[in-house]
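Read through the structure below, which is laid out as structure tokens, and then see the notes.
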Amino acid sequence: MKSHLLFAVCFLFFLSFFVTSSKVQAQTGVIRGFVYETETGEPVIFTNVYLFKTSLGAATDVNGYFSIGKVPAGQYLLMVSYMGFDTLQIPITVKSNDLITKKLYLKKSSVMLGEFSISAAREDKKVETQTSIIKITPKEIGQIPSIGGQPDLAQYLQVLPGVIFSGDQGGQLYIRGGPPIQNKVLLDGMELYQAFHSIGLFSVFDVDIIKNVDVMTGGFNAEYGGRLSSVMNITTRDGNHNRFAGKIDVSTFGAKVLLEGPLARAKSEDASGASFILSVKNSYLAESSKIFYKYIDENGLPYNYLDIYGKISINAANGSKVNLYGFDFTDKVQYQILQNYKWNSYGGGTNFIVIPGGSPVLLEGNFAYSQYKVTLEQDNFSPRSSSIAGFSGGFHFTYFFGKNALKYGIDLSGYKTTLSFYNSVNRAIVLEQNTTDPSVYVKYKWLVGKFIFEPGLRLQYYASLGAASIEPRLAIKYNVTDKFRLKMAAGIYSQNLVSTTYDRDVVNLFYGFIAGPNNLPETFNGHAVTSKYQKCDQVILGFEADLYRNLTLNVEGYYKYYPQLTNLNRNKLYEDTPENADKPDYLKKDFIIETGDAEGVDVSLRYDYKNLHFWGVYSLCFIHRFDGQTWYVPVYDRRHNVNLTASYIFGKHQGWEVDLRWNYGSGFPFTQTGGFYEQINFNDIGTSIINQNGTLGTIYADYNKGRLPYYSRLDFNIKKKFDLGRYTKLEINASVTNMLNQQNIFYFDRVSYQRVDQLPLMPSLGISFTF
């Protein structure tokens, strides 16, 4: 009853804001629209659109959309300025109750406005909370060494504050003490269940089709839910609306082909049109490594993947748009002791933007279906497999009131999960679950003096568990001065999806998925269990400081408390049947309840000036878990993580670029081997201990009390660009991975006592041709 009362009070709070702001809006006018590049027809994102000699303005979003509200009646000069483009100036007249929609086009300029670009980014920090939010563009991804001659999002994510990767091979993403299952990955609004290949240097995303990436490492607001730790939202760009174009990329690691162009060319700037974009990239490292990297393994490096993504964009005359997209991602490894590890993910969907003619609302929506399946076959262990398939969709409404905004929406997702697995005592776990998870949310951004308030509320329902979660969220920023800002974020988060890992592996490779099980223990640590879903409470405090004209410092401390987590029961010895009713739950349940916390500090120092870029990141993290019997640290508990990156552009026509990146990470915990014994199967009646040959059993030491060696890697990259024509360019890219040839552990087989390291020193060469 208290939860429903809280929801009603918060809803009335938001409604009062909406009614009051609407009355003010009716006495003035609204200027809204989109900003595009003239050459390609692609939206221009995160640029300022403003009325000259006033404080009225707005930044474009990932769709190039802007809305300037509360504009008093009068005559103005509407201006758009963006780095690398001519400044646009348009006279405009606003009347009371006017709703003016504009499509603005920017032309490329030979004059680089680097200083303006930096100041525009700083102005955005003053009107957005931006707590634990990192925005990434393709240009920034290209500022770190591109392994194999191909820039990739996976390589850039590894340098972000609070982000930990498990290594070059079998790479998994851990964010602020949360495992991969707690991270939501969205591609054009569609959820992906696996975004990174077995060779951790590459993701499934082609950098050349990425428009923007928002990485929220914590404290995300009410429009996102269903995960406890983080959200990564990738938006792809449209194909070229004006001409046929493409790119061919070949390297010692793999190859890529990108094609794009108009399907129906717009007859004028105010007319409708359609375009397409298609990307196909693959790795042939299993074959090329036998030629170029035979010194690593004479049998080659058996990493193969194939990623296909296609998109069709249909633009209406007023800026409304519909996108249709589809993908197929495949990964396969056959490597010595791993034997056979592979996964496949495919799906498709649509998203759209609608600009109603007589309303200042922005309507966005999406619907998609995706499927993922993973299998692992391995010597000395039973096979494992898992799959998840389902749909997701939603409608989102945004009202702009000057610099304030109200956003609300509804989301609906449903999926089926299957899991076939054996735990550490060789007990079979075979599960199948179906669930549908609807949710509604609302949030409001409110600027008051030097403060920015962004309260939010989400109501999440989990059908398979028959449970609802009410989740308040809040973000606040205080602009102490023009160069120093305090910020915070807090919220309650929930999750239904559970991952299962074979946690006795020194390095985890297999991640299975299952919807939250109902058959949990009835008590935990002496208290009754009243909820089935996983929970997390977060609070983040930090500050931003512009130390110098081009030098910024960002510091954030966080604390995450997990009141309830669901984990695979690694101690299961008995089946959960009436015959074993006298056995304790922690010895017979497939899944158990845990609690714990994570706390840490992320420090980021960034310098950008003309052709020089430097970024230094340090992360400190502590993770604790309690399974009802013992306290332990999970396998991804890395105490210290340091990343340093540098990039410099030089030479005639700025044609040369060098990039460096160094990463240091303290060792991960693991469970040491205490010894071995002969394991006899007594399941059959009459089993003879004398005549039967047993299997090799393992005696494990205390759980995760050991520590692997530290991880260190230095990468180098040099590029040379050649302009062959107006649209034709050639780029040669040479790189060296692990320049110091550091021996970083990848995998260890307990039975054969065989160690496999991460990648040694690996030079690579790539050539790309753009037309």
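Data for the structure
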item	result
Bins of 5 Å, starting at 0 and running to the largest distance - Cα pair percent for segment 475-575	2, 9, 14, 14, 14, 11, 9, 8, 8, 6, 3, 1, 0, 0
Carbon and sulfur %, accessible surface of segment 522-636 computed with the full protein complex present, 1.4 Å	58 percent
Check: the chain dipole with +1 on Lys, Arg Cβ and -1 on Asp, Glu Cβ, in debye	2180 debye
The chain, accessible area per residue, ligands and nucleic acids excluded (1.4 Å, Å²)	41 Å²
Radius ratio Rg over Rh of segment 233-303, counting only Cα atoms, Kirkwood formula for Rh	1.27
Inter-label distance, nm, simple model (7 Å from Cα along the C-beta direction), I410/N434	2.2 nm
Partners for K290 among lysines (Cα-Cα distance below 19 Å; same-chain residues under 8 apart left out)	K332
Cross-link reach list, lysines versus K532, counting only Cα pairs under 26 Å and skipping chain neighbours closer than eight places	K2, K184, K373, K416, K560, K572, K583, K588, K589
Cβ-Cβ FRET estimate between A545 and Q672, R0 fixed at 56 Å, reported to 0.05	0.80
Protein-only accessible surface order, largest first, of Y533, Y346, Y293 at 1.4 Å	Y346, Y533, Y293
Spatially proximal lysines relative to K729 (Cα-Cα < 19 Å; intrachain offsets below 8 disregarded)	K108, K139, K247, K256, K652, K719, K720, K721
Spin-label pair V62/K729, simplified geometry with 7 Å Cα→Cβ offset, distance in nm	2.4 nm
Debye intensity ratio I(q)/I(0), log10, segment 210-356, q values 0.09, 0.11, 0.14 Å⁻¹ (C-alpha model)	-0.44, -0.63, -0.90
Two-decimal Rg/Rh across the chain, once Rg and the Kirkwood Rh are taken from alpha-carbon atoms	0.97
Segment 385-498 - Kirkwood radius from inverse mean 1/r over Cα pairs (Å)	17.2 Å
Descending semi-axes in Å of segment 37-88, equivalent ellipsoid built from Cα gyration tensor	21, 13, 9
Distant alpha-carbon pairs in segment 581-674 (separation over 17 angstrom), percent	68 percent
DSSP bridge pairs, the chain: antiparallel proportion in percent, nearest 5	95 percent
Distance cut-off 20 Å, percentage of C-alpha pairs in segment 311-424 lying past it	61 percent
Check: segment 342-457 dipole with +1 on Lys, Arg Cβ and -1 on Asp, Glu Cβ, in debye	320 debye
Relative contact order, percent, the chain [alpha-carbon distance under 8 Å, six or more residues apart]	10 percent
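The values are calculated or read from the model by the stated rules, or taken from the named source; none is laboratory data. Source: prediction; values computed, not measured. Don't worry about glycine lacking a Cβ; one is built from the backbone with ideal geometry, like all the others, and counts go over all protein chains shown. The protein model used for the area step is the full one, side chains on, heavy atoms only, and it has no ligands, DNA or RNA in it. Shrake-Rupley method; radii C 1.70, N 1.55, O 1.52, S 1.80 Å.
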